[in-house]
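Trainee: Here it is, the structure, as structure tokens.
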Amino acid sequence: MESASQAVFEDWSPPVFLTVCLVVTSLIYLRGWLRIRKTRATQFPVGRLVSFLLGIAVIWVAIASPLDGFADALLSAHMVEHLLLMSFAPPLLLLGWPVVPMLRGLPVEVTRIVVGPLLRWRSLRKFGHWLTKPLVAWLAMNITFMAWHIPAAYEFALENEYWHDVEHLCFLGTSILFWWPLIRPWPSHSDRMGWFVLPYLAMADIVNTAVSAFLAFCERPAYSYYLREPNPFQISAAVDQRAGAVIMWVVGSVVFLV
């Protein structure tokens, strides 16, 4: 197993485009954070900056670090990827209250020519408000989560690198929607969820539990990909599947509980 792990690290090289995009996003946020902090220091303490940058780092670890190499061979590592993209990166990003810092961090020309007209487009604003409604956000994340874990879709993503990237974007994007009504990053004016937060999280945990339980108690490997492809780590597909299910079940439920 040691030589297999070493091979993953030796074959790994950081994806340049993704890494550059994440670095540029971080710099735009930092520039905007420094600007808005001059007038709203109490609203944007250092903790918000740290939170956003940690969210960016989590995304990089999930899909740009050697973890992605392990995820190609191990379902358990793939489940860790999904957890990072769905349960850790989105709340960290939103706790950084990214909307205004990102706008303030962009070059003036970009804001005036591109972003400004888009923000003034009433239909687009209405669509954005609709997407962040609790019911819509909950359905978007959970349907996406279940759909991509259907064996045919899961294996299709593994065998097609482009669609694997689409899968990751779906997980990250819909999870940001899911966490938005809970965190409501300023200047969002969405109503507080009140007691509805309990069934909102509990029902999401039920979906996570159902998928995890299916993988944990399935009598055979659910994804034939791991039977067809050679496993350099010498871990049986059944054991790997149960490990991945337990990771997703336990860690996912703990996040919802917290």
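The values are calculated or read from the model by the stated rules, or taken from the named source; none is laboratory data. Just so we're clear, the structure is a prediction, and the values are computed from it rather than from any experiment. Neighbour counts are summed over all protein chains in view; Cβ atoms, including those assigned to glycine, are modelled from backbone coordinates with ideal geometry. Note: accessible area is taken over every heavy atom of the protein model, side chains too, but ligands, DNA and RNA are not part of it. Shrake-Rupley method; radii C 1.70, N 1.55, O 1.52, S 1.80 Å.
Trainee: Apply 1/(1 + (r/R0)^6) to the Cβ-Cβ distance of Val20 and Leu124, taking R0 = 22 Å, and write down the FRET efficiency to the nearest 0.05.
Mentor: 0.20
Trainee: Related question: Between Leu34 and Leu169, what FRET efficiency follows from the Cβ-Cβ distance if R0 is 41 Å, with the result rounded to 0.05?
Mentor: 0.90
Trainee: How much of the accessible area of the chain, in percent, comes from carbon and sulfur atoms when a 1.4 Å probe is used?
Mentor: 71
Trainee: In sequence order, what are the phi-derived ³J(HN,Hα) couplings for the stretch 35-50 according to the Karplus relation 6.51 cos²θ - 1.76 cosθ + 1.60 with θ = phi - 60°, rounded to whole Hz, with x for glycine and proline?
Mentor: Those phi angles translate into 6, 6, 5, 5, 10, 10, 4, 6, 7, 10, x, 4, x, 5, 4, 4 Hz.
Trainee: Let me cross-check Arg31: its accessible surface, 1.4 Å probe, with only protein heavy atoms counted, in Å² to the nearest 10?
Mentor: Surface accessible to solvent at Arg31 totals approximately 100 Å².
Trainee: For Ala64, what residues show an amide H to amide H distance below 5 Å, using hydrogens built from the backbone and excluding near sequence neighbours?
Mentor: Hits under the 5 Å cutoff: none.
Trainee: While we're looking at this one, here's another question. Per residue, how many Å² of accessible area does the stretch 141-258 show with a 1.4 Å probe?
Mentor: Ligands and nucleic acids excluded, the figure is 54 Å² per residue.
Trainee: Under a plain spin-label model, where a point goes 7 Å from the Cα along Cα-to-Cβ, how far apart in nm are Asp11 and Ala202?
Mentor: It is 4.5 nm.
Trainee: With Rg/Rh (Cα atoms, Kirkwood Rh) as the read-out, I listed (1) 0.97; (2) 1.00; (3) 1.06; which label goes with the value calculated from this structure?
Mentor: Matching entry in (1) 0.97; (2) 1.00; (3) 1.06: (2).
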